[in-house]
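To start, the structure itself, in structure tokens.
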Amino acid sequence: MTLDPSVFKAYDVRGVVPSELDAEGAYAIARAYVDVFAPRRIAIGRDMRLSSDELGEAAIRGALDAGADVADIGLAGTEMMYHAVGSLGLDGGIAVTASHNPSEYNGMKIVRRHVLPVGGDSGLEKVSRIALAGSFKVPAQAGVRTAVPILESFADKVLSLVDLSAIAPLKVVLDGGNGMAGTMLAPILGRLPIEAVPCFMEPDGSFPDHQPNPLLEENRQFIIGKVRSEGAQLGIAWDGDADRCFFVDDEGEFVPGDFITALLAEATLERHPGATILYDLRASRAVPDTVERCGGRAVMSRVGHAFIKQRMRDEDAEFAGEVSGHYYFRDFYSVDTGIVPALVLLELVSRKGGSLAALLRPLRERYHISGEINTRVDDVPVRLQELKDRFGPGARVTHLDGLSVDHDDWHFNVRSSNTEPLLRLNLEAYSVEEMERRRDEVLAVIRP
């Protein structure tokens, strides 16, 4: 068995196959998961990665040997597993996937009952200990495996969350990145009135066209060029397991996730006046300002899906968004989804005249953001203290996640990576010049 302890991350399981994680390691994780949470019936699905069939079969075998019944949902995006657990009232689920990582990686996203995440502080450490020790309980009897098709039910669910009659015949470029988006969209596109320009929609775990991570600039150059060459009104790209989506406007400009969060928050508040909206602490002030302007309640959250999913339930939030392209809707089990925000934005752009760039113009004119800037740092605590000493006086300083420093006319957050010796900077000001000046001042402390 190959199961490196490093594959157990803060939010999920992820590592290189087979040097860090192999099939027997996947078996051990699934079996340990059942030992820890004692679910009676769970869903297990897998993405299109070249190792996912083998790891998925091993995970199913591990869950069955531990005594759990398994609803095998087959080839599935992560949010299809979430839908299976939520709609069928299951006790948990596993998606075999490494999300946006390169092709040599694989892993698992794991949930328990009510689609609550299993992360580092919500049970994954216990799963890790048992899986690594290989000391499993012996059940009274093995579980039963049943094939459960879920795609059509998933399509019905996500389409029920928008008004299809309000969506205009927009020309939309779709970049599936050879991930799971193509599979998930197959029964949906025929029910939309849009003129779709599909690209790289065939699942292929070797990722022959580009890596499935649109947050990286080199991976979004194709869709930016395609939107411009096609004269399209919108571009939408997904990551590997398709639980995140990214947008390009009708002028061929990539749209930051916090601006999308602001627009989706506005659309949500039109349907649910006065609702609570969560946003991550890296976000532009465009988000809380928009929420408050639209009569909602804006609540800041720590970064990370495990924290946001729990906070959504604690705050009874209707919607949440992260800079990284994760969007969460209470009507979709309060979990991240890459398909629902795409549909909601299609409806919003249609209702507002068909130009995403026009909707974004007021935000782009007022809020100027640095984007996330990563720096390798040897001594993270020392750098954080230096930043606090240099920029904290006269500001509101908080430590919800890393260091946040809020002045009236500019603000920044610096937080450390969960997996690497990196500091991640996000900074904003009300003019380009001020943003660039403050960015350079902060980076001078991070990079002395």
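The values are calculated or read from the model by the stated rules, or taken from the named source; none is laboratory data. Source: prediction; values computed, not measured. All Cβ positions, even for glycine, are placed from backbone atoms using ideal geometry, and neighbour counts span all protein chains on display.
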Practice item. Kindly list, by first and then second residue, each pair from a residue in the stretch 340-366 that is within 22 Å of SER284 (Cα to Cα) and in the same structural domain as ASP163 (by TED's automatic domain parsing) to a residue that is crowded, with 16+ Cβ neighbours inside 10 Å and small (Gly, Ala, Ser), limited to pairs with Cβ atoms under 6 Å and residues at least 6 apart or on different chains. Key: VAL344/ALA267; LEU348/ALA267
Check your understanding: Hey, among ARG366, ARG383, which residue is basic (Lys, Arg) and modelled with pLDDT of 95 or more?
Key -> ARG366
Study note, to complete from the structure: PRO273 fails exactly one of (1) in contact (Cβ under 8 Å) with a residue 40 or more places away in the chain; (2) out of contact with any Lys or Arg (no Cβ under 9 Å at 6 or more places or on another chain); (3) of a type outside the set (Asp, Glu), namely (1)
Study note, to complete from the structure: When (1) under 19 Å from PRO341 (Cβ atoms); (2) among the polar types (S, T, N, Q); (3) in a helix (DSSP H, G or I) are applied to ASN213, the one that fails is (3)
Check your understanding: Does GLU251 qualify as being surrounded by fewer than 21 Cβ atoms within 10 Å (Cβ to Cβ) and in a helix (DSSP H, G or I)?
Key -> no
**Study point:** Qualifying positions in the stretch 145-176 - touching a strand residue (DSSP E or B) at 6+ places or on another chain (Cβ under 9 Å) and within 19 Å of LEU346 (Cβ to Cβ)
**Key:** LEU161, PRO169, LEU170, LYS171, VAL172, VAL173, LEU174, ASP175, GLY176
**Study point:** Residues that are part of a helix (DSSP H, G or I) and surrounded by fewer than 24 Cβ atoms within 10 Å (Cβ to Cβ), drawn from the stretch 64-93
**Key:** LEU64, ASP65, GLY86, SER87, LEU88
Practice item. Could you tell me which of the residues ASP243, ASP209 is outside the structural domain of THR78 (by TED's automatic domain parsing) and over 17 Å from the mean Cα position of the chain (by Cα)? Key: ASP209
Exercise for review: Assess whether ALA131 counts as being crowded, with 22+ Cβ neighbours inside 10 Å and assigned to a loop (DSSP other than H, G, I, E, B).
Suggested key: no
Exercise for review: May I ask you to list the residues in the stretch 232-246 that are in a strand (DSSP E or B) and farther than 19 Å from ASN426 by Cβ?
Suggested key: LEU234, GLY235, ILE236, ALA237, TRP238, CYS245
**Study point:** Answer residue from the stretch 1-48, given it is under 20 Å from HIS83 (Cβ atoms) and at pLDDT below 95 and is surrounded by the most Cβ atoms within 10 Å (Cβ to Cβ) among those
**Key:** ASP12
Check your understanding: Does at least one position in the stretch 315-332 carry a residue that is closer than 24 Å to GLY240 by Cβ, surrounded by fewer than 21 Cβ atoms within 10 Å (Cβ to Cβ) and in contact with a Gly (Cβ under 8 Å, 6 or more places away or on another chain)?
Key -> yes
Practice item. Can you tell me which residue among ALA28, ALA10, ALA32 is more than 28 Å from GLY182 (Cβ to Cβ), in a helix (DSSP H, G or I) and touching a Ser or Thr at 6+ places or on another chain (Cβ under 9 Å)? Key: ALA32
Point to revise | Criterion (of a type in the set (D, E, K, R), crowded, with 24+ Cβ neighbours inside 10 Å and not assigned by TED's automatic domain parsing to the domain that holds GLY353) met by exactly one of LYS109, LYS137, LYS126 | key: LYS109
Practice item. Would you point out the residue of the stretch 51-63, among those that are out of contact with any helix residue (DSSP H, G or I) (no Cβ under 7 Å at 6 or more places or on another chain) and surrounded by fewer than 20 Cβ atoms within 10 Å (Cβ to Cβ), that is farthest from ALA28 (Cα to Cα)? Key: ASP53
Review point. ALA76 passes all but one of (1) over 21 Å from VAL340 (Cα atoms); (2) out of contact with any Ser or Thr (no Cβ under 6 Å at 6 or more places or on another chain); which number fails?
Key: (1)
Point to revise | Lone qualifier among ARG31, ARG46, ARG14, ARG61 - being within 23 Å of GLN141 (Cα to Cα), touching a Gly at 6+ places or on another chain (Cβ under 6 Å), of a type in the set (D, E, K, R) and not assigned by TED's automatic domain parsing to the domain that holds ASP204 | key: ARG31
Exercise for review: For VAL445, state whether it is over 20 Å from ARG302 (Cβ atoms) and in contact with a helix residue (DSSP H, G or I) (Cβ under 7 Å, 6 or more places away or on another chain).
Suggested key: yes
Exercise for review: Test GLN233 against the stated conditions and say whether it is over 25 Å from ALA168 (Cβ atoms) and polar (S, T, N, Q).
Suggested key: no
Check your understanding: When the stretch 173-198 is examined, which residues are found to be surrounded by fewer than 23 Cβ atoms within 10 Å (Cβ to Cβ), within 16 Å of GLY338 (Cβ to Cβ) and not small (Gly, Ala, Ser)?
Key -> THR183, PRO187, ILE188, LEU189, LEU192, PRO198
